[in-house]
Amino acid sequence: MDIFPQDYYEFFIVFNDGDYYTGHDLLEAVWLTDRSNLFIKGLLQMTVALYHYEYGNVKGAREMLKVAKHYLTPYKPVHWQLNLVPVLKYIDKCLLDIPLHINRVKFEEIHTLPALPRLYLNLEE
């Protein structure tokens, strides 16, 4: 069985709870120990994108998801015990759902944005 940084394991818990801000912090801690780890950077970008979207930065979310897809695609189908096939499908679905004609909305207007689907991440053995 592979052993990964503790922050990686904790990331799955907070991500699945929808706490993308904390998820970002956990992944950033892993990435800062090895900046060449583009897999972690891709997960980090996806998590930041979801956080941005929740706070109305629509363009930022869209761009971060594109970057996340770029970084994660070379690691499919499975890397660090994460099946990336559903992750990449999720990113594609989000990119379809995020409006192209909106760059930013005020926090009070976030409810007018289309809701993004939820993704639940699990480690595979």
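The values are calculated or read from the model by the stated rules, or taken from the named source; none is laboratory data. Note that the structure is a prediction, hence the values are computed from the model and not measured. A quick note on method: Cβ atoms are made from the backbone with ideal geometry, for glycine too, and the neighbour counts reach across all protein chains shown.
Every residue in the stretch 56-83 that is of a type outside the set (G, A, S), touching a helix residue (DSSP H, G or I) at 6+ places or on another chain (Cβ under 6 Å) and not in a helix (DSSP H, G or I), please.
K76, P77, H79
Residue by residue through the stretch 92-121, note down the ones that are among the hydrophobic types (A, V, I, L, M, F, W, C) and part of a helix (DSSP H, G or I).
The answer is C94, L95, L96, F107, I110.
I'm checking my understanding of the structure. Among residues of the stretch 18-38 that are assigned to a helix (DSSP H, G or I), more than 11 Å from the chain's Cα centre (by Cα) and not hydroxyl-bearing (S, T, Y), which one is surrounded by the most Cβ atoms within 10 Å (Cβ to Cβ)?
Looking at the filtered set, the residue picked out is L26.
Among the residues of the stretch 44-53, is there at least one that is free of Cβ contacts under 8 Å to residues at least 60 places away in the same chain and within 21 Å of D2 (Cα to Cα)?
Yes, there is a match, as at least one residue in the stretch 44-53 is free of Cβ contacts under 8 Å to residues at least 60 places away in the same chain and within 21 Å of D2 (Cα to Cα).
Could you tell me whether P86 is part of a loop (DSSP other than H, G, I, E, B), out of contact with any strand residue (DSSP E or B) (no Cβ under 8 Å at 6 or more places or on another chain) and either under 30 Å from F4 (Cα atoms) or free of Cβ contacts under 8 Å to residues at least 24 places away in the same chain (or both)?
In short, no.
For the stretch 69-80, what are the residues that are surrounded by 12 or more Cβ atoms within 10 Å (Cβ to Cβ) and either free of Cβ contacts under 8 Å to residues at least 40 places away in the same chain or under 20 Å from Y20 (Cα atoms) (or both)?
Scanning the stretch 69-80 gives K69, H70, Y71, L72, T73, Y75, K76, W80.
I'd like the full set of residues that are touching a residue at least 24 places away in the same chain (Cβ under 8 Å) and within 14 Å of the chain's Cα centre (by Cα), limited to the stretch 1-17.
Matches in the stretch 1-17: Y8, F11, F12, F15, N16.
Here are some residues: L26, L84, L50, L38. Which one is at pLDDT 95 or above and under 19 Å from E124 (Cα atoms)?
Every option except L84 fails the conditions.
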